[in-house]
Amino acid sequence: MGKALPDSAEILVGRGVDLTPAQVVEHLVGVVNARVAEVGPDWRPGARELVADVAAAGVPQAIVTMSYRVQAELIASLLPPGAIHVVVAGDMVTRGKPDPEAYLTAADLLGVDITRCIAVEDSATGSAAAVASGAATVVVPHMLELPASERYARTETLLGLGLADLVALTGPLDAARERTGA
């Protein structure tokens, strides 16, 4: 979860999938896009509402994902118009998560200081990338358990959360970074 698609494809091929890594990626992208087109995305509870709240506050937002751009842009198109300003996807960077390149690229494209950004992540590789980038990070476990850490804030759900809640969750992280100079 959260790895670059070519990395995930290599793992699947290594476990016996009888396709090339490129064929695995093509298949995965096709299956996911067809499902989203047919039934819509499987939104995490509260995610769309949180994006709308942040957009209403005038805060620029990015989707940073290891899915491919075609998938990320499809998801962005299903969110409130103008909510997503930048998409940075796995096929747009040279190093996938847990490397921070995608987050740093998004901040650069948004024209913002990464240390003033809040990243919301649901995987170990994604949270490692967000933390390494310098963004305050909120982890919402999905499929795999993510333990508590002093490196990020953790919440079980986005349901009922707004921008003020994200700021409150990450406040202690900002204070710790100021104390340590990180």
Worksheet item: residue 10 passes all but one of (1) assigned to a loop (DSSP other than H, G, I, E, B); (2) surrounded by fewer than 18 Cβ atoms within 10 Å (Cβ to Cβ); which number fails?
Response: (1)
Discussion item. Report every pair of residues separated by at least 6 positions or lying on different chains whose Cβ atoms are under 7 Å apart, first residue within region 42-60 and more than 17 Å from residue 87 (Cα to Cα), second in a loop (DSSP other than H, G, I, E, B) and of a type in the set (Ser, Thr, Tyr).
Written reply: 45/157; 46/157
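Quick one: which of 140, 70, 167 is in contact (Cβ under 8 Å) with a residue 24 or more places away in the chain, under 30 Å from residue 38 (Cα atoms) and surrounded by fewer than 19 Cβ atoms within 10 Å (Cβ to Cβ)? Quick ask: steps written out before the conclusion?
On the way: 140 fails: surrounded by fewer than 19 Cβ atoms within 10 Å (Cβ to Cβ); 167 fails: under 30 Å from residue 38 (Cα atoms).
Matching residue, one of 140, 70, 167: 70.
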Worksheet, complete the sentence: Going through region 101-114 in order, the residues found to be surrounded by fewer than 22 Cβ atoms within 10 Å (Cβ to Cβ) and over 15 Å from residue 60 (Cβ atoms) are 101, 104
Worksheet, complete the sentence: residue 160 fails exactly one of (1) at negative phi; (2) more than 14 Å from the chain's Cα centre (by Cα), namely (1)
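Select from region 73-87 the residues that are free of Cβ contacts under 8 Å to residues at least 24 places away in the same chain and within 15 Å of the chain's Cα centre (by Cα) and write down the one among them that is farthest from residue 158 (Cα to Cα).
Our first condition is that a residue be free of Cβ contacts under 8 Å to residues at least 24 places away in the same chain; within region 73-87, this holds for 73, 76-77, 81.
Now drop any that are not within 15 Å of the chain's Cα centre (by Cα), which leaves 73, 76.
Working: 73: 22, 76: 18 Å.
The selected residue is 73.
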Discussion item. Let me confirm something: among 87, 51, 93, which residue is more than 29 Å from residue 160 (Cα to Cα) and surrounded by 17 or more Cβ atoms within 10 Å (Cβ to Cβ)?
Written reply: 93
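Does region 116-137 hold any residues that are hydrophobic (A, V, I, L, M, F, W, C) and either in contact with a Lys or Arg (Cβ under 7 Å, 6 or more places away or on another chain) or buried (at least 18 other Cβ atoms within 10 Å of the Cβ) (or both), and which are they? Even if it seems obvious, please write down each step before you answer.
Let us first name the residues in region 116-137 that are hydrophobic (A, V, I, L, M, F, W, C), namely 117-120, 124, 128-132, 135-136.
Of everything in region 116-137, those that are hydrophobic (A, V, I, L, M, F, W, C) and either in contact with a Lys or Arg (Cβ under 7 Å, 6 or more places away or on another chain) or buried (at least 18 other Cβ atoms within 10 Å of the Cβ) (or both) turn out to be 117, 118, 119, 120, 124, 128, 129, 130, 131, 135, 136.
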Fill in: residue 124 touching a strand residue (DSSP E or B) at 6+ places or on another chain (Cβ under 8 Å), modelled with pLDDT under 95, farther than 19 Å from residue 32 by Cα and of a type in the set (A, V, I, L, M, F, W, C)
yes
Worksheet entry | Residue list for region 17-47, restricted to those being touching a helix residue (DSSP H, G or I) at 6+ places or on another chain (Cβ under 8 Å), assigned to a helix (DSSP H, G or I) and surrounded by 14 or more Cβ atoms within 10 Å (Cβ to Cβ) | 21, 24, 25, 28, 29, 32, 33, 36
Practice prompt. Tell me which residues, restricted to region 112-127, are closer than 13 Å to residue 64 by Cβ and small (Gly, Ala, Ser).
Written response: 119, 123, 126, 127
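The values are calculated or read from the model by the stated rules, or taken from the named source; none is laboratory data. Since the model is a prediction, treat every value here as computed from it, not as a measurement. Heads up, the Cβs are rebuilt from the backbone with ideal geometry, glycines too, and the neighbour counts pull from every protein chain shown.
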